[in-house]
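The values are calculated or read from the model by the stated rules, or taken from the named source; none is laboratory data. Keep in mind that this is a model prediction, so the values were computed, not measured. Heads up, the Cβs are rebuilt from the backbone with ideal geometry, glycines too, and the neighbour counts pull from every protein chain shown. Note: areas computed on protein heavy atoms with side chains; ligands, DNA, RNA excluded. Shrake-Rupley method; radii C 1.70, N 1.55, O 1.52, S 1.80 Å.
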Amino acid sequence: RAFLVSLHQGVADNVNFGLTGKGGLFANPSRPERNFDWGDFSVWTKISLLKERDSFPSIGLRSGIKLPNTRYVPSRLGTNQMDFHSQLLVTGRKSDIEIRTVVGFSILGDPRTAGFQDDVYKLQTAFIIPVLETTTTFFELIAQTGYQDHDDKLVSRFGIMQLSQEFVWYLFCSARLAGNNRDFATAFELSENWSIGFFVQKDLEIDLWD
């Protein structure tokens with residue numbers, strides 16, 4: 001995938017509005033043609049409840065809706081369904097290590113049967129460790145469970161983040177530790193057996209209120 005986009009706008013001191021897009025999705029299935037589609041867009045609202053103080057972590061709530069932008073057929077790059085997500089965010093520090101935890105609940109539309117859905121619970125923990133002044137490593141575990149037979153998964157990710165004057169460079173790899181690679185067509189999320197990724201991030205600041 002390529003050309004991911006993420007827009008964030010603060011609407012209050014503790015409220016943030018976001019729009020994220022998965023960018024262009026490319027698939028090369030076991031057939032002659034190559035398939036392409038634009039990834040889903042999601043609309044998010046984040047509310048910060050408590051700021052981090054001393055040894056007490058910051059706590060926030062985030063809810064979002066995934067819009068049905070990406071087609072389910074022929075390559076199952078998306079579900080063409082609207083999904084709802086609700087998450088509890090906890091961020092704290094232990095020495096120089098930043099620990100981020102997300103506890104989430106999602107209602108996912110079933111692209112195979114009209115009117116059906118899947119309820120999924122997710123626990124995600126990331127450890128962000130500084131190595132040099134401009135270099136950071138991260139390790140992440142994502143656990144998921146739900147009511148479908150293929151919902152139980154455990155995926156790990158490890159990577160390096162390098163800061164430069166204008167860009168942020170990411171190099172990471174992921175591997176599925178448990179479960180299978182079947183899901184409701186969430187390409188590049190938890191369906192891969194393993195993957196390697198390289199991203200370049202450029203932040204642009206735009207004041208919408210001037």
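Non-local amide H neighbours of Thr137 (under 5 Å, H modeled in plane, Pro and chain starts lacking H): which ones?
Ile129, Val131, Met161
Which value, in Å², gives the accessible area per residue of the chain when a 1.4 Å probe is used on the protein heavy atoms? Kindly include the intermediate steps, with their values, before the conclusion.
On the way: 13670 Å² over 210 residues.
With all protein chains present, the chain gives 65 Å² per residue.
Read phi for every residue in the stretch 127-141 and hand back ³J(HN,Hα) as whole Hz from Karplus 6.51 cos²θ - 1.76 cosθ + 1.60, θ = phi - 60°, with x for Gly and Pro.
10, 10, 10, x, 10, 10, 4, 10, 10, 9, 10, 9, 10, 9, 10
With charges only on Cβ, +1 for K and R and -1 for D and E, what is the dipole size of the chain about its Cα centre, in debye, rounded to 20?
Numbers: 21 positive and 25 negative charges, 93 e Å.
The calculated dipole for the chain is roughly 440 debye.
Report the accessible area of Lys202, computed with a 1.4 Å probe over the heavy atoms of all protein chains in place, in Å² rounded to the nearest 10.
Accessible area, nearest 10 Å²: 100 Å².
Could you tally up the Lys pairs in the chain with alpha carbons closer than 16 Å? Skip any pair fewer than 8 positions apart unless they're on separate chains. Each step should come with its number before you reach the end.
Numbers: Lys22/Lys66; Lys22/Lys202; Lys46/Lys66; Lys51/Lys94; Lys122/Lys153.
Count of close lysine pairs: 5.
Calculate the FRET efficiency for Leu163 and Val73 from the Cβ-Cβ distance with a Förster distance of 30 Å, rounded to the nearest 0.05. Could the numbers behind the result be given before it?
Values: r = 41 Å, r/R0 = 1.37.
Between Leu163 and Val73 the formula returns 0.15.
Once both labels are modelled 7 Å past Cα along the beta-carbon direction, what's the Phe84-Asn35 spacing in nm?
About 2.9 nm, to one decimal.
So if I take the centroid of the Cα atoms in the stretch 1-74 and the same for the stretch 75-136, what is the distance between those two points in Å?
10
Using a 1.4 Å probe over the heavy atoms of the protein chains, calculate the carbon and sulfur portion of the accessible area of the stretch 1-93 as a whole percent.
Numbers: 3410 of 5970 Å².
Carbon-and-sulfur percentage of accessible area, whole number: 57.
Would you kindly state how much longer the chain becomes between Phe17 and Asp54 on full extension, computed as 0.36 nm times their sequence separation minus their alpha carbon distance, in nm to one decimal?
Values: separation 37, 0.36 × 37 = 13.32 nm, distance 2.73 nm.
Computed gain between Phe17 and Asp54 is 10.6 nm.
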